[in-house]
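Undergrad: Sharing a structure here in structure tokens format.
The values are calculated or read from the model by the stated rules, or taken from the named source; none is laboratory data. Just so it is clear, the structure is predicted and the values come from calculations on it, not from any experiment. Positions of Cβ are backbone-derived with ideal geometry, glycine not excepted, and every protein chain shown enters the neighbour counts. These accessible areas exclude ligands, DNA and RNA; they are computed on the full protein's heavy atoms, side chains included. Shrake-Rupley method; radii C 1.70, N 1.55, O 1.52, S 1.80 Å.
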Amino acid sequence: MEENFEPVAHTRANYYTPGSPVQFVCVELLKGEVSGEHAVCLTFKNISRVTLTALEIHFKCKGVDGIILCEDEFEYRDIEVKPGESFGMDDAVFVTQKAITSVDVTLKNVYNGKRVVHLDSIKRVRLPAPRRLSPELQKALESRMNRQGLKYMPQVFENGWYCACGAFHPKEEDTVYCSECGCDRILLQNALNTLLQPEKPRQIQPSEPAVRPAPAARPAEPEQRGEEPTRVVGTPRASEATRVVPSRPAAVEPPKSFAPPLEPEAGGTRVIPGPDEVRRAQPKSQPQPLEDYDEEDEEDRRDGMAETLIRWVPPITAIVCAGIALWGFVYYQFVL
């Protein structure tokens with residue numbers, strides 16, 4: 001007599017077997033509508049690239065007080081499971097009247113035709129518990145991805161990744177698509193990052209005017225620049241090049257000239273004056289050469305004579321011309 005069983009509880013596996021071509025996905029507890037018996041169904045998934053034909057497991061069911069209710073072997077025979085497909089959810093491995101609180105499953109052998117992979121010697125790895133999203137973030141993520149049941153934070157680990165639906169995909173599966181909800185891992189992570197980051201720009205924008213630098217037309221002060229250590233100072237004025245005179249090495253001799261050498265003052269800094277300054281520095285009482293004085297007197301005399309000629313030659317010339325004209329008039333009137 002067949003009986004309908006209704007789902008009572010559903011729990012995902014919290015460990016996996018590294019290197020296994022099949023993954024233990026979840027355990028489901030069912031209850032008969034008529035008899036009230038509890039049935040345990042296990043779900044597995046083919047994460048390899050070949051078709052699986054058989055699976056052997058060892059399971060252990062525990063009751064409320066941690067007492068083992070059943071420990072036995074179970075075989076899935078005459079199956080043909082293609083890569084990415086799940087199986088076992090319709091086969092009850094144990095039926096009991098007592099309440100079941102936990103189920104432990106160990107993978108033993110997986111078959112692909114006559115080829116077999118032995119897994120009972122491989123140590124299982126416990127998975128970290130997935131992190132729940134806040135109700136607001138869950139609703140926003142479900143709306144953006146257009147899917148339901150995205151309750152968990154997507155996470156990537158060294159041995160696999162968690163989807164937002166709670167499904168774990170080991171690295172042996174080598175996929176970015178969740179086989180349960182259909183989400184793309186990369187798109188899912190990008191959508192979540194977008195939902196987590198939009199508040200930051202809005203919090204920064206109100207403070208921007210307060211720290212906005214001066215208009216670009218005005219040169220910014222050095223203290224307003226954020227890159228002072230790496231900035232290049234503007235070109236100095238041409239006059240600045242003559243303001244700083246490098247010190248003269250002590251071993252360099254003063255330039256030779258016709259002027260007598262100047263001795264440095266005791267305790268002072270030696271200064272090399274120019275030719276004009278040397279001439280002005282000479283004592284006023286030192287006589288100039290006589291040739292210089294004679295030439296100057298001769299020039300003065302010549303200047304005086306020129307002045308006299310310029311002053312008296314015109315009137316004398318005018319008187320002479322007038323006398324000649326008068327003499328000619330008299331001679332013409334009286335003599336002739």
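Undergrad: Can you find, among 179, 155, 117, the residue farthest towards the positive end of the dipole of the stretch 63-183? Put +1 on the C-beta of Lys and Arg, -1 on that of Asp and Glu.
TA: 155
Undergrad: Can you give me the C-alpha center-to-center distance between the stretch 107-134 and the stretch 71-92, rounded to a whole angstrom?
TA: 14
Undergrad: Modelled label-to-label distance, residue 62 and residue 332, 7 Å Cα→beta-carbon offset: nm?
TA: 16.5
Undergrad: Starting from the Cα of residue 156, step 7 Å along the direction of its Cβ; do the same at residue 116; then give the gap between the two resulting points in nm.
TA: 3.9
Undergrad: May I ask you to derive the relative contact order of the stretch 1-130, considering only C-alpha pairs under 8 Å and at least 6 residues apart, and to give it as an integer percent?
TA: 28
Undergrad: Would you mind getting the accessible area per residue of the stretch 122-203, heavy atoms of the protein chains only, 1.4 Å probe, in Å²?
TA: Normalised by residue count, the accessible surface of the stretch 122-203 is 62 Å².
Undergrad: When you count, for each residue, the other Cβ atoms within 10 Å and take the mean per peptide, how do 144-156, 320-332 rank with the highest first?
TA: 144-156, 320-332
Undergrad: Could you order the peptides 114-121, 170-177, 31-38 from most to least packed, using the average number of other C-beta atoms within 10 Å per residue?
TA: Those peptides, ordered most packed to least, come out 170-177, 31-38, 114-121.
Undergrad: From zero up to wherever the largest Cα-Cα distance of the stretch 90-147 sits, split into 5 Å bins and tell me the percent of pairs in each.
TA: Pairs per bin, as whole percents: 4, 10, 10, 12, 12, 13, 14, 15, 9, 2, 0.
Undergrad: Just subtract the alpha-carbon distance of residue 305 and residue 146 from 0.36 nm times their residue separation and send over the number in nm, one decimal.
TA: 45.2 nm
Undergrad: In the structure shown, do any of 31/62; 60/151; 98/123; 62/114; 60/171 have a Cα-Cα gap over 24 Å, and if so which?
TA: 60/151; 98/123; 62/114; 60/171
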